[in-house]
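Visitor: Please read through the structure below; I'll follow up with questions.
A short reminder: the numbers here are calculations on the coordinates, not readings from a lab. Here the structure is a predicted model, which is why all the values come from computation and not from measurement. When we count neighbours, we look across all protein chains shown, and the Cβ atoms used for this are built from the backbone with ideal geometry, even at glycine.
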Amino acid sequence: MNLDKFTLTREDAVLMIIDIQERLVPAMKYRDQVIHNTNILITTATKLAIPVIVTEQNTKGLGKTVPELNTGSDMVFEKITFCGCTTEVLSTLNRLAGKKIIVVGMETHVCVLQTVRSLLEHGYQVFVVGDAVCSRTKENYKNGLSQMMQMGSVVTNTETVFFDLLKQANTPEFRELLPLVKG
């Protein structure tokens, strides 16, 4: 078994935030958890110089990314397709070194699923952060995760991604970032 598929390194990683937007968030039961965990991953990515890509679905209807997310990214892409792999996004991903995409966002069974499917089709390894994605219903959430796992993505969680990217405890980065998950 090739375990590289299950291993993240900061040199190969990109964080992709899908459609966590002002008028979509209120419909999500687990919105607070998704926003909290996404912020942990944003802070970690920023500290480790991991690129952050943000997609926004139909901003006229759903608004911009919620202000609670401090993405700090200049790679924000508006889309009208459910899939986040627009021509612009794929072009940006091709320019980045990362071939392992860490995916968070909304909704698990629609935009997240379609984006993950496209990323896999384009040869990326995908890590879906199960506690940083959500749908309006538990059934749709579970079905979306199941489908993405069957497609070949790795379904993981915030802390696993956090510790896998950091690799060791005796670094200044680890000491600085540890409070994010320690509380």
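Visitor: Among all residue pairs at least 6 apart or on different chains, which show Cβ distances below 6 Å where the first residue, located in the stretch 38-50, is over 14 Å from Val181 (Cβ atoms) and touching a residue at least 40 places away in the same chain (Cβ under 8 Å) and the second is of a type in the set (Lys, Arg) and in a loop (DSSP other than H, G, I, E, B)?
Guide: Note: pairs meeting the criteria are Leu48/Arg10; Ile50/Arg10.
Visitor: Quick one: Gly152 ticks every box in (1) among the small types (Gly, Ala, Ser); (2) more than 21 Å from Leu69 (Cβ to Cβ); (3) buried (at least 17 other Cβ atoms within 10 Å of the Cβ) except a single one, so which number is it?
Guide: Gly152 satisfies every listed condition except (3).
Visitor: Go through the stretch 151-183 and report how many residues are within 18 Å of the chain's Cα centre (by Cα) and either assigned to a helix (DSSP H, G or I) or farther than 15 Å from Ile42 by Cα (or both).
Guide: Number of matching residues: 16.
Visitor: Can you name the strands (runs of 3 or more DSSP E) wholly within the stretch 41-106 that have at least 2 residues being in contact with a strand residue (DSSP E or B) (Cβ under 9 Å, 6 or more places away or on another chain) and buried (at least 21 other Cβ atoms within 10 Å of the Cβ)?
Guide: It comes to 52-57, 100-106.
Visitor: Any idea how many residues of the stretch 113-131 are in contact (Cβ under 8 Å) with a residue 12 or more places away in the chain and either over 22 Å from Thr86 (Cα atoms) or charged (D, E, K, R) (or both)?
Guide: Looking only at that region, the number is 3.
Visitor: Please count how many residues of the stretch 98-119 are of a type in the set (Lys, Arg) and under 19 Å from Arg10 (Cβ atoms).
Guide: 2
Visitor: Six or more apart or on different chains, Cβ atoms under 6 Å: show the pairs whose first residue is in the stretch 172-183 and within 19 Å of His36 (Cα to Cα) and in contact (Cβ under 8 Å) with a residue 40 or more places away in the chain and whose second is in a helix (DSSP H, G or I) and acidic (Asp, Glu).
Guide: So the pair list comes out as Val181/Glu159.
Visitor: If you don't mind, another one. May I ask you to list the residues in the stretch 24-38 that are surrounded by fewer than 22 Cβ atoms within 10 Å (Cβ to Cβ) and either under 21 Å from Gln168 (Cα atoms) or in contact with a strand residue (DSSP E or B) (Cβ under 8 Å, 6 or more places away or on another chain) (or both)?
Guide: Selection gives Val25, Met28, Lys29, Tyr30, Arg31, Gln33.
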